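Bear in mind that the values in this text are calculations on the coordinates, not laboratory data. Quantities reported herein were computed from a predicted structural model and do not represent experimental measurements. Quick reminder, even Gly has a Cβ in these numbers, built from the backbone with ideal geometry, and neighbours come from all protein chains shown.
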Amino acid sequence: MTDWRALRDRLAGQGYIAAPDLAMALHLSISLGRPLLLEGAAGVGKTEVARALAAAEGTRLIRLQCYEGLDAAHAIYEWNYQKQLLAIRAAAEGGETGTAVEQRIFSEEFLLERPLLQAIRQPEAPVLLIDEIDRADEEFEAYLLEVLSDFQITVPELGTITARSIPRVVLTSNGTRDLSDALRRRCMYAHVAYPDRETELAILHARAPGLEARLAAQIVGFVQAIRREQLEKVPGVAEMLDFAAAVAGLGVADLSADPAVLHATMATLLKTEGDRAAIPPEVAARLVGKAA
């Protein structure tokens with residue numbers, strides 16, 4: 001892949017419409033073999049970048065979902081303790097003890113690969129998605145730096161496992177905490193914002209090609225108007241697509257035709273009680289009037 005435009009076209013073929021700066025950052029990440037750090041609000045499509053890239057390259061997507069308290073055992077590998085215990089009992093019943101049993105229970109047969117180890121053991125380079133890295137502790141972030149620098153993992157009982165292929169690494173962050181300078185230095189970077197009207201229309205057409213053009217314009221205009229309201233949780237691209245699917249499924253041809261139906265379908269967009277109260281039917285009707 002030698003041109004960022006070609007990459008952008010391939011992502012579009014998977015239904016992901018990437019902004020030029022994002023496509024360029026992803027292209028440089030692949031060309032230079034560096035991780036790509038994507039920051040932006042929840043719902044702007046950061047995770048979808050990795051999914052679309054994996055689909056475009058015809059390779060496996062391996063996802064590590066980060067959370068507070070995530071440790072190496074859940075991210076890299078664990079031993080199958082239940083299976084080991086059964087093996088020890090079976091060996092004891094057969095009169096087998098000592099080093100031979102220990103070597104057998106700490107072999108590949110009993111190893112549970114978690115996402116980071118899975119990623120470096122693939123015969124063909126996968127896409128490794130490290131999702132919401134800002135939710136993990138700083139200690140885990142520091143450990144992750146070592147893995148991303150060398151792409152090798154040491155399992156004391158088995159030795160050092162070196163990557164068979166270097167994965168395409170995409171990290172996402174919603175900005176809930178500051179990431180370290182060390183992590184940022186090792187990554188290409190792109191900020192993913194909510195799409196503009198033209199881009200969001202292109203996304204909707206790619207995902208719902210049968211949607212009538214006027215209705216598609218109404219849907220995008222309406223969702224973008226809602227995003228400008230004071231909300232607890234701003235609807236993202238995925239919510240926009242759910243809203244479009246709901247509207248189409250109900251046979252709605254014009255968002256302004258039935259305020260009650262419109263308000264009911266907003267269950268796909270507004271996900272808190274406060275947000276539902278902030279957009280009553282009369283406000284929704286006003287926003288629809290400005291949407292087309």
Return the FRET efficiency for the residue pair Phe106, Asp178: r is the Cβ-Cβ distance, R0 is 41 Å, and the value is rounded to the nearest 0.05.
-> 0.55
Quick one: what Rg and Dmax do you get for the chain from the alpha carbons, in Å?
-> 23.8, 81
With Cβ to Cβ distances under 14 Å as the rule, what net charge do the other residues near Val247 carry (K, R +1; D, E -1)?
-> -3
What percent do you get for the relative contact order of segment 7-131 when only Cα pairs under 8 Å and 6+ apart count?
-> 32 percent
Spatially proximal lysines relative to Lys271 (Cα-Cα < 19 Å; intrachain offsets below 8 disregarded) | Lys233
The chain - charge dipole about Cα centre, Lys and Arg +1 at Cβ, Asp and Glu -1, debye rounded to 20 | 820 debye
A convex hull over the alpha carbons of segment 118-230 yields, per residue, a volume in Å³ of 150 Å³
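Where in the chain is the longest stretch that carries no GluC sites (Glu not before Pro) classed as loop by DSSP and with at most 15 other Cβ atoms within 10 Å? Write down the numbers at each step before the final one.
Details: sites that count: Glu68, Glu96, Glu124, Glu157, Glu212, Glu229, Glu232.
Here the longest segment lacking exposed loop sites spans 1-67.
For Trp79, Trp4, what ranking results if the residue with the fewest other Cβ atoms within 10 Å of its Cβ goes first? Could you put the intermediate results ahead of the total?
Values: Trp79 15, Trp4 20.
So the residues, fewest neighbours to most, are Trp79, Trp4.
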For the chain, longest principal axis from Cα atoms; helix 138-150 axis from its Cα atoms; angle between them, nearest 10 degrees, is 70 degrees
Tilt relative to the chain, helix 197-207 - C-alpha long axis, 0 to 90 degrees, to 10 = 60 degrees
Be a star and scan segment 197-216 for residues whose amide nitrogen sits under 17 Å from the point 7 Å along the Cα-to-Cβ vector of Asp254.
-> 212-216
So between Ser165 and Gln122, what do we pick up on full extension, going 0.36 nm a residue minus the alpha carbon distance?
-> 14.8 nm
Can you give the angle from 0 to 90° between the axis of helix 46-57 and the longest principal axis of the chain, with both taken from C-alpha atoms, to the nearest 10?
-> 70 degrees
